[in-house]
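Q: After the structure tokens below, expect a handful of questions from me.
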Amino acid sequence: MPGDKQSTTERIRLAERRRQALYLHAVRRLTIAEIAQVLQVSARTVKRDLRSAREKARAQLEQEAEAAERVSDVAYDIDATYQAALREAWAAYHTSPEHSAARLRALNTVLAATEKRAEHLRGLGLLKQVPESLALALSMFGLSDEELAARIKELEEKR
């Protein structure tokens, strides 16, 4: 019984029998009676083992799904933070006087936030390379990474 104290060896043997029963039923498509004969246990034990194995598998899948959902939520929040920083820096760029240090800082912030966002997305496996992602991230502002670099260089030269 589940509430009884069992030795580690007994628990391992029980887990292995349940795994075998599930395999024989789901993959090999054996009947309960056939599984009972192969495992040398009663049909009632096979039914109990299958029920237990399914419950454990379902619980494990639910835990994995919850963990994946939490990771996805965190990744979404991080990306939203990067996008907000990009929008804020872009607004600062447009409201700063032309050829000013504030405008240069804003463009450098756009570049840094874009690179960090790209690293984050690449780390999640959503982008293959950072340069590809720079264009993707800056496309929401209608500016390619080459145009951004040129504007930064222009502002640096005029300072």
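Q: Any residue in segment 74-97 that's more than 13 Å from Lys116 (Cβ to Cβ): show its pairings with residues that are aromatic (Phe, Trp, Tyr) and surrounded by 14 or more Cβ atoms within 10 Å (Cβ to Cβ) at Cβ separation under 8 Å, as long as the two are six or more apart or on different chains.
A: That search, which allows pairs on different chains as well, returns Trp90/Phe141.
Q: Same structure, new question: With the checklist (1) in the same structural domain as Leu121 (by TED's automatic domain parsing); (2) touching a residue at least 12 places away in the same chain (Cβ under 8 Å) in hand, flag the one item Arg19 doesn't pass.
A: (1)
Q: For segment 64-73, which residues satisfy the criterion of being of a type outside the set (S, T, N, Q) and either closer than 19 Å to Leu121 by Cβ or touching a residue at least 60 places away in the same chain (Cβ under 8 Å) (or both)?
A: Within segment 64-73, Ala68, Glu69, Arg70, Val71, Asp73 meet the criteria.
Q: Determine, yes or no, whether Val46 is out of contact with any Cys (no Cβ under 9 Å at 6 or more places or on another chain), exposed (fewer than 14 other Cβ atoms within 10 Å of the Cβ) and among the hydrophobic types (A, V, I, L, M, F, W, C).
A: When the stated conditions are applied, Val46 does not pass them.
Q: Next question. Checking Leu50 against (1) farther than 14 Å from Leu14 by Cα; (2) at pLDDT 85 or above, which test does it fail?
A: Unmet for Leu50, out of (1) farther than 14 Å from Leu14 by Cα; (2) at pLDDT 85 or above: (1).
Q: Return the total of residues in segment 110-152 being of a type in the set (Asp, Glu) and either modelled with pLDDT of 65 or more or in contact with a strand residue (DSSP E or B) (Cβ under 6 Å, 6 or more places away or on another chain) (or both).
A: 4
The values are calculated or read from the model by the stated rules, or taken from the named source; none is laboratory data. A quick note: this is a predicted structure, and the numbers were derived from the prediction, not measured. A quick note on method: Cβ atoms are made from the backbone with ideal geometry, for glycine too, and the neighbour counts reach across all protein chains shown.
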